[in-house]
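**Q** I have a structure here, written as structure tokens, and I will follow up with some questions on it.
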Amino acid sequence: MAVTAKWYGLGLKSLVNKEVDWDTDVIKVMLCTSTYSPDQDTHQYKSSVTNEVSGTGYNAGGATLTTSAPTYTAGTNTLVLDAADVSWPNSTIVARYAVVYDSTPATDATRPLLGYVDFGQDVSTTAGTFSIVWDAAGILTISAA
């Protein structure tokens, strides 16, 4: 299974327009089914996301991430956004995507999307723990090259 993480292009626009503050805003991750089709070019706010999972042990809107400060590595010219791994214990759900967004603004139409993870296939739990172990290199990376 090939797992890939990608930025929403307009998520980068939200960053430079000061709509997102990784250090102080509430950053969340929500799970979506395989019927959601991420669009990197047009999806900018949570209101664009469809088919969020539902099931035992999962609350609508997803889980709050414990984020760490952004880090910049001069040798590779990369900025990394990272957070602690997240899980939904005692859950019965099926997900294909994890969508990272800023939940601080008041409405879904103003909550910026940042990026998403495609698990490469449906991943499920039945009365178990659904976990996302973020890549050691971080959740989302920007290269200044």
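Matching residues to (1) modelled with pLDDT of 95 or more; (2) loosely packed, with under 12 Cβ neighbours inside 10 Å; (3) in a loop (DSSP other than H, G, I, E, B):
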{"position": "Leu10", "(1), (2), (3)": "yes, no, no"}
{"position": "Leu15", "(1), (2), (3)": "no, no, no"}
{"position": "Val20", "(1), (2), (3)": "yes, no, yes"}
{"position": "Lys28", "(1), (2), (3)": "yes, no, no"}
{"position": "Leu31", "(1), (2), (3)": "yes, no, no"}
{"position": "Tyr36", "(1), (2), (3)": "yes, no, yes"}
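**Q** Hey, another quick one. Checking Asp102 against (1) of a type in the set (D, E, K, R); (2) in contact with a strand residue (DSSP E or B) (Cβ under 6 Å, 6 or more places away or on another chain); (3) surrounded by fewer than 21 Cβ atoms within 10 Å (Cβ to Cβ), which test does it fail?
**A** The failed condition is (3).
**Q** Based on this model, can you work out whether Asp118 counts as of a type in the set (Asp, Glu), in contact (Cβ under 8 Å) with a residue 12 or more places away in the chain, surrounded by 13 or more Cβ atoms within 10 Å (Cβ to Cβ) and under 16 Å from Ala63 (Cα atoms)?
**A** So Asp118 fails the test.
**Q** For region 69-92, name all the residues that are closer than 24 Å to Thr125 by Cβ and in a strand (DSSP E or B).
**A** Ala83, Val86, Ser87, Trp88, Pro89, Asn90, Ser91, Thr92, listed by residue number.
**Q** Still on this structure, I have one more. Take the residues in region 93-145 that are part of a strand (DSSP E or B) and in contact with a Pro (Cβ under 6 Å, 6 or more places away or on another chain), then tell me which one is farthest from Val16 (Cα to Cα).
**A** Filtering first and then ranking leaves Thr129.
**Q** Using beta carbons and a limit of 6 Å, which pairs, at least six apart or on different chains, have the first residue in region 36-62 and within 13 Å of Leu114 (Cβ to Cβ) and the second one hydroxyl-bearing (Ser, Thr, Tyr) and part of a loop (DSSP other than H, G, I, E, B)?
**A** Within 6 Å, the pairs are Gln40/Tyr8; His43/Tyr8.
**Q** Restricting the search to region 44-68, which residues are within 13 Å of the chain's Cα centre (by Cα) and either assigned to a loop (DSSP other than H, G, I, E, B) or surrounded by 15 or more Cβ atoms within 10 Å (Cβ to Cβ) (or both)?
**A** Residues satisfying the conditions are Gln44, Tyr45, Lys46, Val49, Glu52, Gly61, Gly62, Ala63, Leu65, Thr66, Thr67.
**Q** Considering each of Asp108, Asp41, Asp85 in turn, give the residue that is within 22 Å of Val3 (Cβ to Cβ), touching a helix residue (DSSP H, G or I) at 6+ places or on another chain (Cβ under 7 Å), modelled with pLDDT of 95 or more and not aromatic (Phe, Trp, Tyr).
**A** Asp41
**Q** Consider Val123 against the criteria (1) surrounded by 11 or more Cβ atoms within 10 Å (Cβ to Cβ); (2) at pLDDT below 95: it satisfies all of them except one. Which criterion is unmet?
**A** (2)
**Q** Of the residues Thr129, Thr107, which is more than 17 Å from Tyr8 (Cα to Cα) and surrounded by fewer than 11 Cβ atoms within 10 Å (Cβ to Cβ)?
**A** Every option except Thr107 fails the conditions.
The values are calculated or read from the model by the stated rules, or taken from the named source; none is laboratory data. All values reported here derive from a predicted model rather than from experimental measurement. Backbone-built Cβ (ideal geometry, glycine too); neighbour counts: all protein chains shown.
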